Amino acid sequence: LLGYIGIDTIIEQMRKKTMKTGFDFNIMVVGNSGLGKSTLVNTLFKSQVSRRSAGWARDDKIPKTVEIKAVSHVLEEGGVKMKLTVVDTPGFGDLINNDNCWDPISKYINEQYEKFLKEEVNITRKKRIPDTRVHCCIYFISPTGHSLRSLDIEFMKRLSHSVNIIPIIAKSDTMTIEERLEFKQRVRKELEMAGIEFYPQKEFDEDMEDKSDNDKIREAIPFAVVGSDKEYQVNGKRVLGRKTAWGIVEVENPNHCEFALLRDFLIRSHLQDLKEVTHNIHYETYRAKRLNENGG
Ligand code: GDP
Ligand code: MG
């Protein structure tokens, strides 16, 4: 091949590196208890990734503070290792008085940026800094069919400048198709009116192709999802689903809910971008602020 330099081998070189080192991916789930956060995480990764924390039952007394738990697992597929950390935030907004209930969550997010920053400015810098920064925050909206609560708006507004927020409608099997459509539209309108920039943010579309791909996603948000970690037999195939008196809600069937859309978006098309936006935008904002505080 005359004149071939071999620039295109970079892809293979990157593949080899990634195979060797693996990568970190950190998801945070936020929402009232009982909205199916733990179940959805298990559905996403089809294993017991986020076990119910010991001793925590729905009718237990709700603790006064938001207790944040990060659980890590190494998952492997096709020889690629991903260290997945799920940050569970039980009981967000469960209290009568929810003033400042986003504080512990915001604090956790910033602490991870701080950790990364400390490692970066170390004289003996690690070859690879462990990344615990939250790459996306899945916000669970209650399937009320009415409006967003002011708490929902307040949380997303405050946090959208420090983390990638992906709003979803929880337990959407509890609404009819029409209710679901209407609710999705209403939520989108309310998010827009409140000026909430969820992920993927318009301002970070890099070109027309990006814009058209992301426009489709933005029009589908908030994804109306159903979660389950139980398998059933449907037409000779084993599927994840919820068995009801009327039939089985198939979690991965796009005619039943938008779980598959969320999964494909989160893992198959935008995982790398979530990491890049976290590093280049959210972390950068934090870093600039911190270095300014210290007089540059
Ligand atoms: P968390 O407190 O937000 O972590 O909620 P869990 O994942 O523990 O789920 C609480 C309850 O809701 C459990 O009984 C789940 O089986 C149920 N659940 C979870 N996801 C769904 C869903 O998509 N639809 C319905 N109808 N129930 C769900
Ligand atoms: Mg839970």
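Nothing in this text is a laboratory measurement; each read-out follows from the coordinates by a stated rule. Note that this is a predicted model, so its numbers are computed, not measured. Note: ideal-geometry Cβ built from the backbone for every residue, glycine included; neighbour counts use all protein chains shown.
A few points about this structure:
- Summary of packing: across the peptides 11-22, 275-286, the per-residue average of other C-beta atoms within 10 Å ranks them, highest first, as 275-286, 11-22.
- The local environment of Glu250, defined by Cβ-Cβ distances under 13 Å, has a net charge of +1 under the rule Lys, Arg +1 and Asp, Glu -1.
- Value at 222 nm in deg cm²/dmol, rounded to 500, when DSSP H runs of n ≥ 4 in the chain each add -39,500 (n - 2.57): -10500 deg cm²/dmol
- Between Lys17 and Arg238, the simple label model (points 7 Å from Cα in the Cβ direction) yields a spacing of 3.8 nm.
- Of all DSSP bridge pairs formed entirely within the chain, close to 45 percent run antiparallel.
- The alpha carbon gyration tensor of the stretch 196-275 gives principal lengths a ≥ b ≥ c with a/c of 1.5 or higher and a/b greater than b/c, which makes the shape prolate.
- Gap separating the Cα centres of the stretch 224-271 and the stretch 172-215, nearest whole Å: 21
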